[in-house]
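Notes follow the structure.
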Amino acid sequence: MGRGRQKAKQTKVARELKYFSPDTDYTALQRELAAGGHDPFAGAVAEPAATDDDEDDEYAEWSPGSGGR
């Protein structure tokens with residue numbers, strides 16, 4: 001198939017996909033939403049954010065004026 005026909009076919013398929021609007025089953029959607037569905041992130045706990053604790057930092061008490069060379 002030549003490049004012209006290939007491009008025309010791709011354009012046709014893209015146009016069909018762009019303007020395709022399937023019928024929506026609102027009752028099935030309502031049932032799914034009412035049931036709660038499965039939440040893949042339910043029960044997942046986020047890691048606590050790292051804190052900048054001075055007690056863990058061995059250089060925390062050093063300051064330029066302290067002469068700590």
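Summed over the range 22-34, the residues that are assigned to a loop (DSSP other than H, G, I, E, B) and open to solvent by 90 Å² or more (accessible area, probe 1.4 Å) give a count of 1.
Quick one: is G67 more than 36 Å from the chain's Cα centre (by Cα) and modelled with pLDDT under 65? The answer is yes for G67.
The values are calculated or read from the model by the stated rules, or taken from the named source; none is laboratory data. This is a predicted model, so every value here is computed, not measured. Surface accessibility is based on the protein's heavy atoms, side chains included, excluding ligands, DNA and RNA. Shrake-Rupley method; radii C 1.70, N 1.55, O 1.52, S 1.80 Å.
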